[in-house]
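To keep things clear, I will list the structure first and then write my remarks on it.
The values are calculated or read from the model by the stated rules, or taken from the named source; none is laboratory data. This structure is a prediction, so every number in the text was calculated from the model and none was measured. Reconstructed Cβ throughout: ideal geometry from the backbone, glycine too, with neighbour counts over all protein chains shown. What goes into the accessible areas is simple: the full protein's heavy atoms, side chains included, and nothing from ligands, DNA or RNA. Shrake-Rupley method; radii C 1.70, N 1.55, O 1.52, S 1.80 Å.
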Amino acid sequence: MSLLAIVLAAATAARADTVPPYLAFPEAGLDDPAAYEGYTTRVYQDASGNAFQVYLKGSTGRVVQLWADAANESAGFTARDSSGKPAELAWGPSEAVVARSARTRSVSYGLELPSSVTIGLFLLGSMRVERDFQYAARDSLPLGTTPFPQAELVELIDRLAKLKGPERARHLSLLGVKTIDALRARLTPRVVLTPHPPLRNAERGDEGVRADTTWAVHVEQVSFDGKNHLWLALEGDARETVPALSGSTVTVRRPAGGPVRLTVRVTTDAPALTPLTRAEIFNDEFLRFAAQVRADTAHPLRFRRLEREVRGVELLSYREKLMAGLPNFATYFGRDMLMTALLMQPVWAPATSEHVVGSALGKLSPAGDVSHEEALGGQAIRENAAEYNRLVSAGQLARARALLAHLAATRENYIMVDDDFQLPVVAARYLADPRVPADRKRGFLRAEQHLARLVSNLAFVARKAAPYARDPVATKLVSFPRAPNGGGSWISASWRDSHAGYGGGRFAMDVNAIWVPHALEAVGTILDALTQLGVTPVIREEPLAAFARDRAALQRAVATWKGAERHFRVALARRPVVDRVAARLRWLPPTEGEYWNRVAQRTAVLADTLRFLALSLDATGRPIPIVNTDPAMLLLVDSLSRDRTLELIGPILQPYPWGLFVDDLGPVVANDAYATREVWEGFRRDPYHSPTVVWGRDVNVLLAGLARQLAGDVGAQHAAPLHDALRSISDAVDRSGLRHAELWSYTIENGRLVPSRYGTSSDVQLWSLTDLAVQYLLNHPTP
């Protein structure tokens, strides 16, 4: 009996249930459907409680099913109409059928397509591969094309084929095949049309009896290591529709006209994750607040918004990890998790904060730096294959075989810089939190080598901060790593991690003026907390050992680093501001330039000087003058005076194109008008963190930071401008119709600014869901 037959037979015992979408976007009353530009999505919970998302991308005819499980899986295909254009996609019934057996899980749902439709570009495996496939715009290729050749796997096969016979056989055996051809067959899925009578009921993974008028197209993908399988089935009624298979493309016609109705079923044998419930994630105070909002029947939209965000957090929260977002980032991301923890501390249960810190500590490198991102399933296979190729090329065959035996082993990425300094800040807040009992903190530190790992990270922070603490010149700040292209450029290794994100800078303001000084302060907080808990760690590495012996030395280092902000200060007189903005508006396409010229003419220009903190410094330590939202983070991590708060948010609230604020949209993340044309061109090519984008993350940081400052000792007169700022930001974002999105942009149409969903934006993003903490803080202010 074949493995496929065994797995399908196991589905006989599967219990099937019908479930409604747990979330759907866009949602009437909460979102602007026009801003989604033909994109629509539903998220279900499978029989194990894991998130299963389906999205329909009308602009390309792409249908993607994400399974946010232990393998971060996806199954995608593209549909085109009889003219070759993207097919019009529509949902069938809203409910999905979920089933689970001892070996598999499945989800099926209904889809409607035009009366004549061709389906191809089947891509099953890792969501990271689907993501790369779309980033490369390969969804526009002919439907019979190989969707996304994975160069690492192709090279692995080529190198393996060149090994001598006995050695080659050993390597093939580790992958569960006997021939190169059998291994090569795993690069693409197998597509089979089964006309009626259909496969047995057991082979569909659900219960009930099907009429013998059902036809089915089965697409099977075996993982490259042969250890997992993913199946996609398209099923239709032979009384209405006629299917035909040609190579790897399927054409379905409905001769009588009307929509082609399909049942789409995805089945996997990959492991599931263990979901957390809202009662485990949130603290009692927040749950009481949520109940009060629900009871307020006079404001139903407020509850719908809050409930949607709570469900979003649930979909991302598992005992094994907190995910960054759906659909593109359904894995661990250190920065996203740590940033979310800072914002969500007022509403999270202590166990959730422990989960975050413990997850980061568990993935530390031997040097003590934080993992940015994990690679799972098919993506781990790609990355391990690249390492295998390197080992074989170097003649290290024993190590290559050892790697091949565990080709899907999780890999960690340590390239980012900011998360290394965020971990101590989050850990310090947890250890200093008076709401958490001392015994609980001791238990956490004793578990899973948490204490030793925490000390390792503190030592890493102290080591990285030491050069500038000794010699405080700009070129001794914490640097981004060099780009591998050898062109003298730098990897954008903080949250603005697109190629153009930091304007080509080497030293990021957020890393050096915010995270490093606060991480050093956190070192002191943690050492004090450990003393109070009666916990004595072993600290040998300098300069951390010196800081533990001599607290004055640590305070001197903190004071030196708090002075690092001076390197990023920019002051521009009124005339250069006017000239540079005018030059950039002339550079824009005419439609945009004319619109922003009108805005510039009706908004006030600063009377004297525009002051802001530059986004980054170049390799020589000179500021790259890009206005940005990053200073808002200081409102969240510091208690500031009213004047200092207004100084930091002033450029953010200054109307664009002078500052960052855009009516009916929100604060864009950057304004490069005062930088060079080279920077303008870079953001045009790579707009992810450009002046055309608002990020929900930064909106929530601003709002939560303002709420934190208002909770301090602020008189009514001094509080008024902070309240005004909070209302202005919140109202502008609400009017965009995209408040829930990860990020959003705009187009200029007929002289109007029209908000639009950013193409690769996540629908459920962990740090965008921190709006829950914002809502709570605005109703329950605490210092």
- Does a label point 7 Å from the Cα of R170, set along Cα-to-beta-carbon, have any residues of the range 383-427 with amide nitrogen under 11 Å, and which are they? 397-402
- Query: Running Debye on the range 283-378 with equal point scatterers at the Cα sites and no solvent, what base-10 log of I(q)/I(0) appears at q = 0.10, 0.13, 0.25 Å⁻¹?
  - Reply: -0.33, -0.53, -1.35
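At a threshold of 8 angstrom on Cα-Cα distance, excluding pairs fewer than six apart, so keeping six or more, what relative contact order does the chain reach in percent? Could you put the intermediate results ahead of the total?
Details: 1553 pairs, mean separation 84.4, N = 783.
Normalised by residue count, the contact order of the chain is 11 percent.
Rank these residues by their accessible area, most exposed first, probe 1.4 Å: L706, L141.
Working: L706 0, L141 45 Å².
Most to least solvent-accessible, the answer reads L141, L706.
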- Expressed in Å to one decimal, the Kirkwood Rh of the range 709-776 from all distinct alpha-carbon pairs is 14.2
- Item | Two-site label geometry, D550 and K562: point separation in nm, points 7 Å out along Cα→Cβ | 2.0
- Task: Keeping all protein chains in position, work out how much accessible area S223 exposes to a 1.4 Å probe, and write it in Å² to the nearest 10.
- Result: 30
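Quick check for me: using +1 on Lys/Arg Cβ and -1 on Asp/Glu Cβ, what's the dipole size of the range 100-159 about its Cα centre, in debye to the nearest 20?
With Lys and Arg at +1 and Asp and Glu at -1, about 360 debye.
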- Message: Whole percent per 5 Å bin, from 0 to the bin with the longest distance: what is P(r) over all C-alpha pairs of the range 665-709?
- Response: 5, 21, 24, 17, 14, 10, 6, 2
- Query: Cα to Cα, under 19 Å, and not fewer than 8 places away if on the same chain: which aspartates and glutamates meet these conditions relative to K227?
  - Reply: D69, E73, E152, D181, D269, E383
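Given Cα positions, please report Rg to Rh for the range 667-783, the hydrodynamic radius being the Kirkwood one.
Numbers: Rg = 16.1 Å, Rh = 15.7 Å.
For the range 667-783, the value is 1.03.
Ratio of alpha-carbon Rg to the 2.2 N^0.38 Å globular estimate for the range 379-537, to two decimals, please. Can you show the working numbers first?
Working: Rg = 19.7 Å, N = 159, 2.2 N^0.38 = 15.1 Å.
The range 379-537 yields a ratio of 1.31.
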- Message: Quick one: the Cα spread of the range 254-316 along its three principal axes, in angstroms, biggest first?
- Response: 58, 38, 11
- Note the per residue figure in Å³ for the convex hull of the C-alpha positions in the range 80-195. 172
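As a test of reading the structure, rank H355, H780 by solvent-accessible area (1.4 Å probe, protein chains only), most first. Write down the numbers at each step before the final one.
Values: H355 30, H780 60 Å².
Ranked list, largest accessible area first: H780, H355.
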- Rounded to the nearest 5, the percent of antiparallel DSSP beta bridges in the chain equals 100
- Message: Given 20 °C and 1.002 mPa s, compute D for the range 71-144 with the Stokes-Einstein relation, Rh being the Kirkwood radius over Cα pairs; round to the nearest whole µm²/s.
- Response: 151
- Per-residue ³J(HN,Hα) for the range 393-399, Karplus 6.51 cos²θ - 1.76 cosθ + 1.60, θ = phi - 60°, Hz, x for Gly and Pro: 4, 8, x, 8, 6, 5, 5
- What ³J(HN,Hα) values, in whole Hz, does the Karplus curve 6.51 cos²θ - 1.76 cosθ + 1.60 give for the range 471-476 when θ = phi - 60°, with x put for Gly and Pro? 9, x, 10, 4, 6, 9
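Considering all projection directions equally, how large on average is the shadow of the alpha-carbon convex hull of the range 607-700, in square nanometres?
Working: hull surface 28.6 nm².
Taking a quarter of the hull surface, the average projection is 7.1 nm².
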- For K464 the rounded accessible area (nearest 10 Å², probe 1.4 Å, non-protein molecules ignored) is 100
- Per 10 Å bin, what is the whole-percent P(r) computed from every C-alpha pair distance within the range 433-491? 19, 25, 26, 21, 8, 1
- Pop out the ³J(HN,Hα) list for the range 609-623 in order, Karplus 6.51 cos²θ - 1.76 cosθ + 1.60 with θ = phi - 60°, rounded to Hz; leave Gly and Pro as x. 9, 9, 10, 7, 8, 4, 4, 6, 10, 7, 5, 8, x, 8, x
- For the range 353-399, alpha-carbon Rg and Dmax in angstrom: 14.6, 46
- Item | Area projected by the alpha carbon convex hull of the range 551-642, averaged over all directions, nm² | 9.0
- Message: Treating only the Cβ of Lys, Arg, Asp and Glu as charged (+1, +1, -1, -1), what charge dipole size does the chain show about its Cα centre? Round to the nearest 20 debye.
- Response: 1360
